[in-house]
Amino acid sequence: MTDNARARKLADRIQVVVAETLDRRIKDPRLGFVTITDARVTGDLREATVFYTVYGDDEERAASAAALESAKGVLRSEVGRQTGVRFTPTLAFVPDALPDNARTIEDLLDKARAKDAEVREVSTGKTYAGEADPYRKPGEEGYEEDAEAGSEAEAGSGAGSRSGSGSDEGGAAKTGEGGVAPAGDDTDGAAAK
């Protein structure tokens, strides 16, 4: 059974240990400005994934990735020494996609700002085709007249539909006000009472 709290604690400790070891012990010239952003450990505590970012261009990122791969043994032994777990998890280094995602979002926001500015520029000095607010509000002139006219039309159409008598499927006439059979008439298709 996996203990997620234990895996999270181990992942946090691995992140700290790897960052400190890279800062103090690893002297590889290929290693650039590496930042350890996160670490995740599987539920069985056998594998750890360490996420990192590198400040620089693609060439520096590739060189830092190679340096991390070559230093993986030293880093794993240091993690095992400082964490004290029975089985030291294997380390896998993965470039963190967070900066790329943030850059993509910033680009999309810049495009949206440019479109908004373009729409604002086009709409400057223009007027509405109708009124600025086409909706009528209570208390305004003409509001109550439309409401009264609408209620009279509904009352007239409702009265016309209720008059008359209908017949059921059997052909017998139903009697009563509004074309509805009187209460207590539970015969199907029989003559009305």
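The values are calculated or read from the model by the stated rules, or taken from the named source; none is laboratory data. Please read all numbers here as calculations on a predicted model, not as lab measurements. With ideal geometry, Cβ positions are generated from the backbone for all residues, glycine too; neighbour counts draw on all protein chains shown. With ligands, DNA and RNA removed, areas are computed over all heavy atoms of the protein, side chains included. Shrake-Rupley method; radii C 1.70, N 1.55, O 1.52, S 1.80 Å.
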Verdict on ALA39 being surrounded by 14 or more Cβ atoms within 10 Å (Cβ to Cβ) and in contact with a strand residue (DSSP E or B) (Cβ under 8 Å, 6 or more places away or on another chain): yes
TYR143, sole failed condition from (1) modelled with pLDDT of 75 or more; (2) on the phi < 0 side of the Ramachandran plot; (3) more than 24 Å from the chain's Cα centre (by Cα): (1)
The range 16-34 residues that are under 16 Å from PRO95 (Cβ atoms), paired with ones that are open to solvent by 100 Å² or more (accessible area, probe 1.4 Å) (beta carbon under 6 Å, 6 or more apart): PHE33/TYR55
Exclusive hit being small (Gly, Ala, Ser), within 31 Å of the chain's Cα centre (by Cα) and assigned to a helix (DSSP H, G or I), set ALA5, ALA39: ALA5
For THR49: the one exception among (1) surrounded by 15 or more Cβ atoms within 10 Å (Cβ to Cβ); (2) farther than 26 Å from ASP100 by Cβ; (3) free of Cβ contacts under 8 Å to residues at least 60 places away in the same chain; (4) polar (S, T, N, Q): (2)
Residue count for the range 52-65, restricted to those that are assigned to a helix (DSSP H, G or I) and either open to solvent by 50 Å² or more (accessible area, probe 1.4 Å) or touching a residue at least 60 places away in the same chain (Cβ under 8 Å) (or both): 5
Residues being open to solvent by 100 Å² or more (accessible area, probe 1.4 Å), without any contact (Cβ under 8 Å) to a residue 24 or more places away in the chain and in a helix (DSSP H, G or I) - total across the range 97-134: 8
Of residues in the range 66-96 being touching a helix residue (DSSP H, G or I) at 6+ places or on another chain (Cβ under 8 Å) and either surrounded by fewer than 10 Cβ atoms within 10 Å (Cβ to Cβ) or β-branched (Val, Ile, Thr) (or both), the one farthest from GLY43 (Cα to Cα): VAL74
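Restricting attention to the range 69-96, report how many residues are in contact (Cβ under 8 Å) with a residue 12 or more places away in the chain and in a helix (DSSP H, G or I).
10
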